[in-house]
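Below you'll find the structure, written out as structure tokens, and then a few comments.
Readers should treat all values here as calculations from the given coordinates under stated rules, not as data from a laboratory. As the structure is a prediction and not an experimental result, all values here were calculated from the model. No Cβ is skipped: glycine too gets one built from the backbone with ideal geometry, and neighbour counts run over all protein chains shown.
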Amino acid sequence: MKKEVSIINIVEKWLKGWSLSRELPLPEPYQSGFKVNVGDEKQKIRYVFPRLTDDFFQLAGTINDPWIFLKVCAPFEEFKDRIPEKWIHQAQGYMMTCCGPMKPINIDLEPEYILEFGQYNFTHTVKILTKNRELACIGRVVLVDDLAVYDRISTENDHRRKGLATIVMKELENIALSKGVFNNFLVATQEGKLLYESLGWELYCLYSSVVIPGGISAK
């Protein structure tokens, strides 16, 4: 996947996959970006902009309600001095791509674990469970046209550092490859970024988020 591919197109597909994975309304176009009605107490709405535009800055200047997120494919340093101080920067996100296959792995699932596969709402899930059926690790992939969108890859604290997330990622990739989808995309945290880089993923761009938290006076 090359940068000449429209970032608008990629972000739209990723956001659709993200919404399907979380069983939310599909994104709607909003000026030069997109809007998702999340409906959560700590995230009512998210606006996602593929680039910094006048629309982004106008919106930042007009919103006063808490828990509405503005997200943009740009470093925070590029816009922090152009938005009101009421907006608080969240943990840095990293949009990442991998034009499969991922790097091969040499990790076997320990006998104490079992794999379980599922599907809902166009979303494929891979779980790793203990023999007592306690969740150890889970991940999701949504196929949106030619893009495999990976979401919510997480490992429970008591089961970390055993390669479980790597196994889940490879199983999710197998699902995508079986459907003829070779382009992979996700948004990573700092911690997750290291895992994905070990599998051959590359940084596509920084993904920055700001919000007005509850309790902050919006002037």
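Observations
- Semi-axes of the equivalent ellipsoid for the stretch 70-142, computed as √(5λ) from the eigenvalues of its C-alpha gyration tensor and ordered from largest down, come to 37, 17, 14 Å.
- Asn121-Gln58 FRET efficiency (beta carbon distance; Förster radius 45 Å; 0.05 resolution): 0.85
- Over 23 Å between alpha carbons, listed pairs Lys103/Lys127; Lys16/Lys80; Lys13/Lys179: Lys16/Lys80
- A Förster radius of 41 Å, combined with the Cβ-Cβ distance separating Glu77 from Leu135, puts the computed FRET efficiency at roughly 0.60.
- Sum of -39500 (n - 2.57) over DSSP H runs of 4+, divided by residues of the chain (222 nm, nearest 500): -7000 deg cm²/dmol
- Counted charge near Lys162, where neighbours are those whose Cβ lies closer than 13 Å (Asp, Glu -1; Lys, Arg +1): -3
- Sorting the segments 23-29, 204-210 by their residues' average number of neighbouring beta-carbon atoms within 10 angstrom, most packed first, yields 204-210, 23-29.
- Positive-end residue of Ala188, Val168, Ile212, charge dipole of the stretch 152-219 with Cβ unit charges: Ile212
- A viscosity of 0.692 mPa s and a temperature of 37 °C, combined with the Kirkwood radius over Cα pairs in Stokes-Einstein, give a translational diffusion coefficient for the stretch 1-143 of 184 µm²/s.
- Pairwise label distance in nanometres, Ile88 with Leu194, each label 7 Å out on the Cα-Cβ vector: 2.6
- Point-charge dipole on Cβ atoms (K/R +1, D/E -1) for the stretch 98-204, about Cα centre, debye to 20: 100
- Computed from the Cα positions only, the extents of the stretch 98-204 along the three principal axes stand at 37, 29, 23 Å, in decreasing order.
- Test item: Cα-centred dipole of the chain, Lys/Arg +1 and Asp/Glu -1 on Cβ, debye: 120
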